[in-house]
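Taking it in order: structure first as structure tokens, then the write-up.
The values are calculated or read from the model by the stated rules, or taken from the named source; none is laboratory data. The structure displayed is predicted, hence computed values, not measured ones. Quick reminder, even Gly has a Cβ in these numbers, built from the backbone with ideal geometry, and neighbours come from all protein chains shown.
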Amino acid sequence: MLTKKYENELKQWRHDFHANPELNFDVNETAAKVATLLNEFGLEVHTGIGGTGVVGVLKKGSSDKSIGIRADMDALPITELNDFTYKSKNEGKMHACGHDGHTTMALGAAKYLAENGSFDGTAYFIFQPDEEATEGAQAMIDDGLFDKFKIDEVYAFHNLPGLPTGNFASRAGAITGSESLFEIKLFGRGGHSALPHMGVDTITVGTQIITALQSIVSRKINPALNGVVSVTEFKSNGMKNVLPGESIILGDTRALSPEANKTIEESMKQIVEGIAKAHNIEFSFSYNVQTQMTINTSTQVQTAIDVAKNLVGNELVDGDCEPKLFSEDFAQMLSVKPGCYMLIGNGTEGSNGKSLHSADYDFNDELLVIGSSFWSELVTKQLS
């Protein structure tokens, strides 16, 4: 592996990032460490892109070809349950999604390519804030990421617990789902719990709506398409002996195609409108797409798959994996530039096999050399 000689450094960087997690756009300390390391490697460094984003530029030769590698830097508002020496020092904050590892793998590739790279073109290393709230990628784009830097294509990784360590997976087309947030407000007529006939309590109406929403995926969406509708909050202004006159239902939906997402939105509105009308109450409904589907382009997928096979062998690479219904705001970058989103196995045992966003999850250090070597080989191949 190309970056094997940096293994100890990679672990030190990753453990330091893990011990000092930051949230959303408030990744100032992390971004400063990234910028310092990139400067030490000899890259041209740009900071403050999209708030706290960092871009490292490594140019060799005279070609105008280029490639972008994106890594996310933010953590999650979770109290860590692990008990190793590098556990989070920041109460209520934790790298429970492996962004500490993603950042480290990109840094490892930047160091290797700066010292040993033999290519003709420009490699852009993009370190993004606020992936978890799905606003960081768009913020960097709005701040001129693809205007200030001539990036022909862009790639990103995400580790995946449950997939054996070092396995790679990707696919052409949609690889992760869209995420949309919905809000349903119900305005009925509250009253005494002993006199329900004198009003319309919104818990009764709301529970009918919640039950009906579960029919959308099973009865409204083409079975060949995927979708998820999840109610995550149900609040009312009721009390011990007071029927609520107002309630709010909040939730989250996922889809792997614009068609499925549109069907979910239209079906939800019809259900809410119909049930509210049946009970003669007012309502409001909103449906906001937070992140689109992550859609890979076939040429870049094939390139990434070829590099992965060369690195770890054919048997550890799946070039047509099942799509996932979690969301990823790298989708915003892929809506502007061709590219590929890759999954890399984080392992199946211990903290490495725990679900993403779990308080006892940990990124697998075995991936640091594998991932940084992959990025190094990909850049070299594309800029050869």
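When both residues are 6+ apart or on different chains and their Cβ atoms are under 6 Å apart, which pairs have a first residue that lies in the stretch 143-161 and is closer than 30 Å to Gly350 by Cα, and a second that is among the aliphatic types (A, V, I, L, M) and outside any strand (DSSP E or B)?
So the pair list comes out empty.
Of all residues in the stretch 193-239, which are farther than 22 Å from Tyr287 by Cα and either touching a Cys at 6+ places or on another chain (Cβ under 9 Å) or at pLDDT below 90 (or both)? Reasoning before the result, please.
Filtering the stretch 193-239 down to residues farther than 22 Å from Tyr287 by Cα leaves 193-201, 204, 223-224, 237-239.
Across the stretch 193-239, the qualifying residues are Ser193, Ala194, Leu195, Pro196, His197, Met198, Gly199, Pro223, Ala224.
Considering only residues that are aliphatic (A, V, I, L, M), more than 27 Å from the chain's Cα centre (by Cα) and either in a helix (DSSP H, G or I) or loosely packed, with under 13 Cβ neighbours inside 10 Å (or both), which ones fall in the stretch 236-270?
Selection gives Met239 alone.
Go through the stretch 178-231 and give me each residue that's among the polar types (S, T, N, Q) and in contact with a Gly (Cβ under 8 Å, 6 or more places away or on another chain). Even if it seems obvious, please write down each step before you answer.
Of the stretch 178-231, the ones among the polar types (S, T, N, Q) are 178, 180, 193, 202, 204, 207-208, 211, 214-215, 218, 222, 226, 230.
Once the filter is applied, which keeps residues that are among the polar types (S, T, N, Q) and in contact with a Gly (Cβ under 8 Å, 6 or more places away or on another chain), the stretch 178-231 yields Thr202, Asn226, Ser230.
What number of residues within the stretch 209-235 are in a helix (DSSP H, G or I) and within 30 Å of His197 (Cα to Cα)? Please lay out each step first, then the result.
Taking the stretch 209-235 and keeping what is in a helix (DSSP H, G or I), we get 209-213, 215-219.
Of the ones still in play, those that are also within 30 Å of His197 (Cα to Cα) are 209-213, 215.
Residues that pass the stated criteria total 6.
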